[in-house]
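Beneath this line is the structure, given in structure tokens, with notes to follow.
What follows draws every value from the coordinates through simple rules; no lab data is involved. Owing to the predicted nature of the structure, the values given are computational and were not obtained by experimental measurement. Glycine gets a Cβ as well: all are built from the backbone with ideal geometry, and neighbour counts include every protein chain shown.
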Amino acid sequence: MDLKGFMKGNAVIQENVKYEASNRFLGADKKPLQWEMKAITSQKAEDLQKQATKNKPIPGQKGKFTAEVDMNLYAAKLAVECTVFPDLNDKDLQDSYSVMGAEELLKIMLLPGEYNDYLTEVQKVNGFNKDINDLVDEAKN
């Protein structure tokens, strides 16, 4: 067996993906602006999942808790982390929408359907085969 193909230098570099998240944002040429997103590492995705995990009290068991992932929060954090352009952390952009925080900005910039489609595209860029809605449904069950 040859392990050379697994070496970091031999791995195919994942290119950033351009995506038209909305036809409401137009450039100087009056054409829809392209958003740019990147894939992240599994380690970074795990870190984001931990940030979206909350301890919930177990009913009837005083002082006992269970960890529960808020899949909507995780999806928002993942989308923000993967978004290269526009810079969702840009203060002027956030100020123009009167929000603080990249996750809130993304949710207010995009209509619900656009946001859902964007989350789906982020999932694809990161190699997930399931739609984010399927993941949210699974988490609820």
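Here is how the numbers come out for the structure above:
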read-out	value
Contact order relative to length of the chain, as percent, for alpha carbon pairs under 8 angstrom and 6 or more apart	21
Global geometry of region 2-84, whether rounded, prolate or oblate, following the gyration tensor of its Cα atoms and the 1.5 cut on a/c	oblate
Exposed GluC sites (Glu not before Pro) absent - longest run of the chain, DSSP non-H/G/I/E/B, at most 15 other C-beta within 10 Å	21-141
Prolate/oblate/rounded call for region 16-140, Cα gyration tensor, a/c under 1.5 rounded	prolate
Residues ASP2 and GLU36, FRET efficiency given R0 of 35 Å [Cβ-Cβ distance, rounded to 0.05]	0.50
Region 1-40 and region 81-116: distance between their alpha carbon centers, rounded to Å	19
The chain - charge dipole about Cα centre, Lys and Arg +1 at Cβ, Asp and Glu -1, debye rounded to 20	460
Net charge over other residues, Cβ less than 9 angstrom from the Cβ of VAL17 (K, R count +1; D, E count -1)	0
Taking LYS124, LYS54 and counting other C-beta atoms within 10 Å, the order from fewest to most	LYS54, LYS124
Inter-site label distance for ALA67 and ASP90 at 7 Å from Cα along Cβ, in nm	3.7
In sequence order, calculated HN-Hα J values of region 117-125 (Karplus, 6.51, -1.76, 1.60; Hz; x Gly/Pro)	5, 5, 4, 5, 5, 4, 4, 4, 4
